[in-house]
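The values are calculated or read from the model by the stated rules, or taken from the named source; none is laboratory data. Note that the structure is a prediction, hence the values are computed from the model and not measured. Positions of Cβ are backbone-derived with ideal geometry, glycine not excepted, and every protein chain shown enters the neighbour counts. Just so you know, the surface numbers come from the protein's heavy atoms only, side chains and all, with ligands and any DNA or RNA stripped out. Shrake-Rupley method; radii C 1.70, N 1.55, O 1.52, S 1.80 Å.
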Amino acid sequence: MLVAVYVSLVSLCFGAPSCSTTLSAANCSAVADSNSAIIPISPNAPDRREVDPVSSVRAEHSFGVNPLGVSDVEWKARTEAAALHRALYLYGMGSDLAAQCVMHRIPDSDEWLMGEWGVYFEEQTASKLLKYDMEGNIVLSNGMRERATPGRSNVGCIPIPPAIIAVRPEVQTIIHVHPISVMAVGGLKSGLLPLSQAAFFLYDQVSRESYDFTYEGSFESSLQKGFSNGKRAMLLNHHGMYAVGRDAAEAFFVAKHVTQACDVQVNTLAMAGGNMDNVILPDAKMLEAQYKDMMLSTDYSYDGSREWSGLLRELSRKAPDYNS
């Protein structure tokens, strides 16, 4: 019974496995046709940051007077990226030693930031971040470039920003993390199931990658396919996730709620004893209607904008050195 329900639920598009290995032609068609029109994310909801502005940049680091002497644009990007590292750690998504990556693009440039491999999320600061170009080089403070190597860089993450940004130029921030529940759900044939509000607003927004722990040449093309059509996250089999956003706030919001959806799923299936007869599952039509209603809401924003100012205030209390 459990397996039968899993297979039928794949057509709901919560991280469905490859059609070539798991689904019938009819189910594959359902996946391909589902929710094909891209619905804008919260275009009608207010942006809390406009009425509650909180800057990640310290007042004394404005107007080019910052510890690295970089432009104001780059320094702000550095403080945002450092804030993400600390926030992910505080919320239980960044304590998997040093194997995870936050990749944050500097606006109006082809350069992006990532933490040095071995610097933990809980100790990341704006000054410690490394700057990269789209060719995989570290950009040094004097403008010179050197090839990124495993000595300082998680080379598995180096190809990710160029690949995703090539097909999603609006993306500024990419988060790669390994929460335990996400890895668990990544080991299920069903992938992510609609068992929580967090999963509802991610309806048809989470793709799936049959990650095999190699750096095969097809991985970048798989990423691009997985993040086409506005997808917001990707589950990697047995591994973790990628979450993207148009800014740091949105990427954190997506990562937080993918994790929450997976937490609920693990707990629900455990409480149900693996018997899906004990689980309430909405049908696809209801999910489609609810997803559209959520995205077009005039009340709540599903882009992280409402929470970002509060998150920065929390960091100023619990990790006040992040923007140094």
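Filtering segment 120-138 for residues that are out of contact with any strand residue (DSSP E or B) (no Cβ under 7 Å at 6 or more places or on another chain), touching a residue at least 12 places away in the same chain (Cβ under 8 Å) and among the aliphatic types (A, V, I, L, M) leaves a non-empty set.
Taken as a whole, the condition of being closer than 22 Å to P162 by Cα and either open to solvent by 10 Å² or more (accessible area, probe 1.4 Å) or assigned to a helix (DSSP H, G or I) (or both) does not apply to A243. The residues of segment 224-240 that are farther than 14 Å from Y302 by Cβ, in a loop (DSSP other than H, G, I, E, B) and open to solvent by less than 10 Å² (accessible area, probe 1.4 Å) amount to a single one, F227.
Against the list (1) within 16 Å of the chain's Cα centre (by Cα); (2) on the phi < 0 side of the Ramachandran plot, the condition V155 fails is (1). Looking only at residues in segment 90-100 that are surrounded by fewer than 20 Cβ atoms within 10 Å (Cβ to Cβ) and either assigned to a helix (DSSP H, G or I) or of a type outside the set (F, W, Y) (or both), the one that is modelled with the highest pLDDT is L90.
Here M276, M295, M271 are screened, and the one residue that is closer than 29 Å to I38 by Cα and of a type in the set (A, V, I, L, M) is M295. Of all residues in segment 62-79, those being farther than 14 Å from T125 by Cα and either in a helix (DSSP H, G or I) or under 22 Å from the mean Cα position of the chain (by Cα) (or both) number 2. The C-beta contact set for segment 282-297 (first residue within 13 Å of D204 (Cα to Cα) and modelled with pLDDT under 90, second residue assigned to a helix (DSSP H, G or I) and acidic (D, E), distance under 6 angstrom, 6+ apart or interchain) is empty. For beta carbons closer than 6 Å, sequence separation of 6+ or different chains, a first residue in segment 43-58 that is at pLDDT below 90 and a second that is open to solvent by 50 Å² or more (accessible area, probe 1.4 Å), the qualifying pairs are R48/R306. Filtering segment 222-240 to residues that are under 15 Å from P161 (Cβ atoms) and aliphatic (A, V, I, L, M) leaves L223, M234.
Here is a yes/no grid of residues against (1) among the charged types (D, E, K, R); (2) closer than 24 Å to H239 by Cα; (3) crowded, with 18+ Cβ neighbours inside 10 Å:
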| position | (1), (2), (3) |
| --- | --- |
| E122 | yes, yes, no |
| M134 | no, no, no |
| S141 | no, no, no |
| R145 | yes, no, no |
| E170 | yes, no, no |
| T173 | no, yes, yes |
| G187 | no, yes, no |
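Could you check P150 against (1) farther than 21 Å from F227 by Cβ; (2) crowded, with 22+ Cβ neighbours inside 10 Å and say which number it fails? For P150, the failing item is (2).
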